[in-house]
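In what follows, a single structure is set out as structure tokens and then discussed.
Each reported figure results from applying straightforward, stated rules to the coordinates on display, with no laboratory input. Source: prediction; values computed, not measured. Methodologically, a virtual Cβ is constructed for each residue, glycine included, from the backbone with ideal geometry; neighbour enumeration extends over all protein chains shown.
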């Protein structure tokens, strides 16, 4: 059985843990406060989910999700994620994270910073432009008219393919924008950000994004 390590147990991490467990994955979830702080969450989500440290979750993972505040990126263990696909849900909120010049000046992307930190992993941007409370409530079967779509971006084809499969399992179409360098198109405050849209509408919003 596939084990997914989730580093970050906020709203997005918790929703993804619930959704993955319901779909038959084993989930190992971690946060910055220690496994004991996740006892209530693990009890609610059932036997398919267990709490661990971030390093333990990274080691256990067949593939992983990093969903931490961008300011905490340096605390994500890189070595145990080497060689693994990592879904990055991060967004830049300077009000929370402090100003990051490379992002303020459009010289980098959030997922580019994650890929730089996790230099031996294969990172794909995913689940960053949907509200956490809509991850488990707005999906629909493939082929449903108007099915909601979400974007992905990666420098690695297998990572993009995995993210697209996960999207489909959660009830979303995938629109691949290409490389991490293009991932700014669905970052915060762009037209595609936290908007409910089908695949055609998402492509239009991605195309009209300005940097």
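Brief remarks follow.
- P(r) weight above 14 Å for the range 90-135, C-alpha pairs, percent: 57
- In terms of overall dimensions, the range 75-167 has a Cα radius of gyration and Dmax of 14.8, 43 angstrom.
- Computed on the Cα atoms alone, the convex hull of the range 1-89 gives a volume of 81 cubic angstrom per residue.
- Annotation: for a label point projected 7 angstrom from Cα along Cα→Cβ of residue 96, residues of the range 5-39 with backbone N closer than 16 Å are 7-16, 31-33.
- Residue among 123, 86, 194 with the largest mean-square fluctuation in a Gaussian network model of the chain, springs linking Cα atoms under 10 Å: 194
- For the residues 35, 145, 80, a GNM of the chain with alpha-carbon springs under 10 Å puts the largest fluctuation on 145.
- Size estimate for the range 118-205 follows the Kirkwood approach: the inverse of mean 1/r over distinct Cα pairs works out to 13.0 Å.
- With one equal scatterer per alpha carbon and no solvent term, the Debye-computed log10 I(q)/I(0) for the chain at 0.09, 0.11, 0.15, 0.19 1/Å reads -0.31, -0.47, -0.91, -1.47.
- Taking only alpha carbon atoms, the range 41-109 gives an Rg to Rh ratio of 1.05, where Rh is the Kirkwood radius.
- Estimated [θ] at 222 nm from DSSP helical runs (n ≥ 4, -39500 (n - 2.57)) normalised by residues in the chain, nearest 500: -8500 deg cm²/dmol
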